[in-house]
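Presented below is the structure to which this report refers.
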Amino acid sequence: MIAEVIADGTIQVLDHGFVRLDDSMADDLSVVNAARVSFARRKEAMDESDEGLIRFLLRERHGTPFEHNSFRFHIRAPLFVAREWFRHRVGSFNEFSMRYARATDDFYVPEPEDVRTQVGKPGSYSFEPVEPELAEATREELRAVYDAAYATYERLVERGVARELARLVMPVGAYTEFYWTINARSLMNFVSLRAAETAQREIRRYAEACERFLEEKMPVTYAAFVAAGRIAP
């Protein structure tokens, strides 16, 4: 489960991560007016017919009216989550750079219940929790690797090695930050894939956080998205 939204529009995710809605230009009326411009019409407020229009557009997969809005997210996530995220080439990204700034000393350590084993073959497998002893041993092993890696990084930097080379020792469990700007159509596509049960658990929690903001800013669109089987138009 993800945490509640706190005062500044941030949802805490994993142990050191978050999703923050930095800014938005997004509401259901933007969808309505983008669709009705075909008939040279514009509205100042939503009514029931507009809600029906949004449901029709989404159900019939008329997607472009859902592109005339914008969400700008500030995200902090482990590197392995970010690399999965960046495969979605439907938005704009700017990321923290370890070439120019000192690497973070925060690393992802899964909760005991999130240490899991793979059962089955790729494409048709499931994940099951491991025994408590193995879960804690895994967490200890991860902490030991992280401590050694960061100590090596600091040692190399202090001896004059360029940060762009010293960063090579950093594991994919290290945290990074990035800004992500995306429209509602593409956000629904991301959520449909990464909040699904088949997605990796860690990125799924981030997708669930993004989904919360979609629901908050565009409730009619979000309800239509869910009613249509969570398929992006």
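The values are calculated or read from the model by the stated rules, or taken from the named source; none is laboratory data. Keep in mind it's a predicted model, so treat the numbers as computed, not measured. Quick reminder, even Gly has a Cβ in these numbers, built from the backbone with ideal geometry, and neighbours come from all protein chains shown.
Restricting the stretch 39-72 to residues that are aromatic (F, W, Y) and over 22 Å from the mean Cα position of the chain (by Cα), the residue that is nearest to I182 (Cα to Cα) is F56.
How many residues does the stretch 121-154 hold that are assigned to a helix (DSSP H, G or I) and over 30 Å from V169 (Cβ atoms)?
1
Checking A232, A135 one by one, the residue that is surrounded by 12 or more Cβ atoms within 10 Å (Cβ to Cβ), under 30 Å from D27 (Cβ atoms) and not assigned by TED's automatic domain parsing to the domain that holds F73 is A232 and no other. The set of residues from the stretch 64-97 being crowded, with 17+ Cβ neighbours inside 10 Å and modelled with pLDDT under 95 comprises just one member, G91. The C-beta contact set for the stretch 125-146 (first residue basic (K, R), second residue assigned to a loop (DSSP other than H, G, I, E, B) and surrounded by 13 or more Cβ atoms within 10 Å (Cβ to Cβ), distance under 9 angstrom, 6+ apart or interchain) comprises R139/V109; R139/P110; R139/V115; R143/V109.
Tell me which of these S38 doesn't satisfy, since it passes every other one: (1) touching a strand residue (DSSP E or B) at 6+ places or on another chain (Cβ under 8 Å); (2) without any contact (Cβ under 8 Å) to a residue 24 or more places away in the chain. Condition (1) is where S38 drops out. Each residue in the stretch 83-103 was checked for being touching a helix residue (DSSP H, G or I) at 6+ places or on another chain (Cβ under 9 Å) and under 14 Å from G173 (Cα atoms), and 2 pass. Could you tell me which numbered condition T198 fails, if it satisfies all but one of (1) of a type in the set (S, T, Y); (2) crowded, with 16+ Cβ neighbours inside 10 Å; (3) under 30 Å from L58 (Cα atoms)? Exception for T198: condition (2).
Each row is one residue, and each column tells you yes or no for (1) modelled with pLDDT of 95 or more; (2) over 25 Å from F18 (Cα atoms); (3) among the acidic types (D, E).
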site: A101; (1), (2), (3): no, no, no
site: A135; (1), (2), (3): yes, no, no
site: T138; (1), (2), (3): yes, no, no
site: L142; (1), (2), (3): yes, no, no
site: A149; (1), (2), (3): yes, no, no
site: R159; (1), (2), (3): yes, yes, no
site: R163; (1), (2), (3): yes, yes, no
site: V169; (1), (2), (3): yes, no, no
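Of all residues in the stretch 101-133, exactly one satisfies the criterion of being over 23 Å from the mean Cα position of the chain (by Cα) and aromatic (F, W, Y), namely Y125. Annotation note: Cβ proximity below 7 Å between a residue of the stretch 45-65 that is closer than 16 Å to G229 by Cβ and a residue that is of a type in the set (F, W, Y) (sequence gap 6+ or interchain) occurs for L58/F225.
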